[in-house]
Amino acid sequence: MNDNTSILLDGASLTRADVVRVARHGATVRLDSGQLAKVRRAADFLAEKVSCGEPIYGVTTGFGSNADKLLGAHRVRDELPGGNPEHHEGSLLEELQHNLIITHAVCVGRPFAPEVVRAMLVIRVNTLMRGHSGIRVSTLESLAELLNRDIIPVIPEKGSVGASGDLAPLSHLAIVLLGGGEAFYQGERMPGAEALVRAGLQPVRLSFKEGLALNNGTTQMLACGVLALDRLQMLMDTADLAAAMTLDAFAGRTRAFAPEVHALRPHPGQVATASRFLELLEGSTLADIAYHLVPRFRPWLADAWSTPEGQAHRFDISWDYVPASQRHGKEAFYSRFLPFKGGKKHQPQDAYCLRCAPQVHGAVRDAWDQACRVFDIELNAVTDNPLVFPDAENAQVIEDQVISAGHFHGMPLALSMSYVKAAIPVLASISERRTAKLVDPANNDGLPAFLIGNEDATDSGFMIVQYTAAALVNDLATRAHPASVYSVPTSANAEDHVSMGANEARHVLEMTEDLGHVLAMELYTAAQALQYRQDMLNAARELAISGDWAALAGKINGAPRQDSPHYPQFEREVRQLMQALAEAGDFHGGTAVREALEKLREQIAFMQRDRAMDGDVKRICDIVASGVLVG
């Protein structure tokens, strides 16, 4: 991470892109001086009210089900015979905030990745900058310094129910400020106190409401969700590219993507996806190709080709001839197409996994758009409790200025994540169906079985690539159950309905990784298929350009005998096929598809014979994760 960008936080203008720059690229933050004045005003207001003896929830009372308990002027424990053996420095009000953090840091599991914690830090600082939380400027600046000095609190992944916000994970974040917990610093895991010392920071002693300000809010679910949405945006573009490469490999049809078609059902994601497919396929000489030009694969034999160039091919090609006696009632069709059946079936539409890709990919984009709308609002929202309004007009009692509400409840985020969570297996599933179609000789339009020559019956080719994709799709589908529909009450039923949004967003972030792997399997397979398709068609074209019509005729099954009265018609039609192939020009995928294929081939070679595929699979997964294919 070496981004030198410094992002100004004012509580109102943080974007998802800003969070990503901080989380993944090392940007630092600055605090807007104008907003710090509002932060100071709220903290001073609380201090004034406490000095006046006002009862304030979470400041002079307990939390949750303890809200009815008012703090006294001194510790009852100090009255123990012999004194209090567990003396706490500072006042009861300070002890309340301190204890809130240390007792709520109870998450379990492996630690969140540093990018998640950095995202949490910038989000938390930004929401506190709104000036409605009562935190002191000094404490807020210390929190920002954790981020800027790259102190990464150790936050185990599991433990938030998403109402009263992400109490437990945020307590793990805040406890490092107090000199507790653990943190990563310069790549090393150590006690939080040691990390502060090494970074030149002092531990913080919390004041009025600062514990609540630090651990009450939707920060974990928001951080995971923002990072998931960022990754998903790249993966949606990758899915479109993979589908376009697959469609080129099938020499498929593009009319289903026409603007006038989608104007009749103008779902935004669908319209955008159809348009993107046309852009990706622009320049293709495979899409919408005439059926009769496309040969089908035939295993290579030593006598398959008569020239040294032909002998170098890893395949043979063939067509079936449709004699005139089988064309009755089909004259209109054969007036447009020559009577040769090769790889393509004579049908005007592709399988759903290709033809309906705009409808499916587009629906996923709409789910993503909806989640982005929700998250963009949340990024600059205040989500702790109670909310401090020091300058409220016509305030009669303290409750008019310190208002207990429910902004910590994560349901807006949870439900939008549930939508995305359901969408991810859908995008993975249609990708896997395309991969399955590519390797299946009954459905791959004349490509070799499992995309390998297999002349000696020893090669498995890409068979198991589809197995892996299928396993990942099943795993994604079983994880797609919405966490948001299953509330488990907490805090002695004071928190009797919770969002489970932290689980939801964490699941989605994890699921994007496997989605990327499924798309990588498709791209790996489609690249092999596309090269076969291009090479088979170009081999047919080279044969036609050579002018040896008899050699081309030798690739056609079902030809009439030379002494048959139908032979002259056959010869004439073969010469027409030869002319059409020779005039077609080089066969290749769309410009964007070709560029992607070239990038893949820089690291992963075409597989002519079986080889160990584990290295290929790791490389293609890394390529997809990097986003290099889509920019």
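Of note:
- For residue 51 and residue 493, a Förster radius of 30 Å and the Cβ-Cβ distance give a FRET efficiency of 0.30, rounded to the nearest 0.05.
- Amide H contacts under 5 Å for residue 495, placed H, 5+ residues apart: 490
- P(r) histogram, all alpha-carbon pairs of the chain included - 10 Å bins from 0, percent: 3, 14, 21, 18, 13, 10, 8, 6, 4, 2, 1, 0, 0
- Selection from 334, 426, 566 lying farthest towards where the dipole of the chain points positive, charges on Cβ: 566
- Length available on full extension from residue 345 to residue 12: 0.36 nm per residue minus the Cα-Cα distance, which gives 114.2 nm.
- Taking the helices alone, the chain has a mean residue ellipticity at 222 nm of -16000 deg cm²/dmol, built from -39,500 (n - 2.57) per DSSP H run of at least 4 residues and averaged over all its residues.
- Phi-derived couplings, Karplus 6.51 cos²θ - 1.76 cosθ + 1.60 at θ = phi - 60°, listed residue by residue for segment 320-329: 9, 8, 9, x, 4, 5, 9, 10, 4, x Hz, with x used for Gly and Pro.
- Computed from the C-beta positions of residue 422 and residue 186 and an R0 of 41 Å, the FRET efficiency is 0.50 to the nearest 0.05.
- Under 16 Å from the residue 549 label point (7 Å along Cα→beta-carbon), backbone N, segment 320-351: 338-340
- For the chain, DSSP calls about 75 percent of its internal beta bridges antiparallel.
- Net charge in the neighbourhood of residue 474 (other residues with Cβ under 14 Å of its Cβ; Lys, Arg +1, Asp, Glu -1) is -1.
- Couplings for segment 132-139, taken from phi via the Karplus curve 6.51 cos²θ - 1.76 cosθ + 1.60 with θ = phi - 60°, read 10, 10, x, 6, 6, 4, 4, 5 Hz in order; Gly and Pro are left as x.
- Counted residue by residue at 0.36 nm each, then reduced by the alpha carbon distance between them, the extension gain from residue 628 to residue 325 reaches 103.7 nm.
- Annotation for segment 168-222 versus segment 429-469: alpha-carbon center distance of 52 Å.
- Between helix 219-249 and the chain: long-axis angle, C-alpha atoms, 0 to 90°, nearest 10: 0 degrees
- Put simply, the amide H of residue 61, placed in the peptide plane, has neighbours under 5 Å in 56, 71, leaving out anything fewer than 5 places away on its chain.
- Around the amide H of residue 588, modelled in the peptide plane, lie the amide H atoms of 285, 286, all under 5 Å away and 5 or more residues distant in sequence or on another chain.
- Spacing of the two label points (7 Å from each Cα toward its C-beta) at residue 389 and residue 477, in nm: 5.1 nm
- Charge context of residue 514, other residues only, Cβ under 9 angstrom, K/R +1, D/E -1: -2
- Accessible area of residue 495 (1.4 Å probe, protein heavy atoms only, ligands and nucleic acids ignored): about 40 Å².
- Across the chain, the mean sequence separation of Cα contacts (distance under 8 Å, 6 or more residues apart), normalised by length, yields a relative contact order of 17 percent.
- Distance violations [Cα-Cα > 20 Å] among 345/555; 437/555; 49/209; 421/599; 341/555: 437/555; 421/599
- Computed from point charges on the beta carbon alone (+1 for Lys and Arg, -1 for Asp and Glu), the dipole magnitude for segment 164-313 about its Cα centre is near 360 Debye.
- Cβ-based net charge around residue 352, under 11 Å, with every Lys or Arg adding one and every Asp or Glu removing one: +3
- The slack between residue 370 and residue 599, meaning 0.36 nm per residue of separation minus the straight C-alpha distance, is 79.2 nm.
- Listed residues 318, 613, 385: farthest to the positive end of the dipole of the chain (Cβ charges): 318
- FRET E, pair residue 566, residue 485, Förster distance 41 Å, beta-carbon r, rounded to 0.05: 0.05
- Segment 439-531 - charge dipole about Cα centre, Lys and Arg +1 at Cβ, Asp and Glu -1, debye rounded to 20: 240 debye
- In the chain, the longest principal axis of the Cα atoms and the axis of helix 501-545 are about 20 degrees apart.
- In the context of the full set of protein chains, residues of the chain present 42 Å² of accessible surface per residue (probe radius 1.4 Å, heavy atoms only).
The values are calculated or read from the model by the stated rules, or taken from the named source; none is laboratory data. Computed from a prediction, not measured in an experiment: that's the story for all the values here. Every residue, glycine as well, gets a Cβ built from its backbone with ideal geometry; the counts of neighbours run over all protein chains shown. Just so you know, the surface numbers come from the protein's heavy atoms only, side chains and all, with ligands and any DNA or RNA stripped out. Shrake-Rupley method; radii C 1.70, N 1.55, O 1.52, S 1.80 Å.
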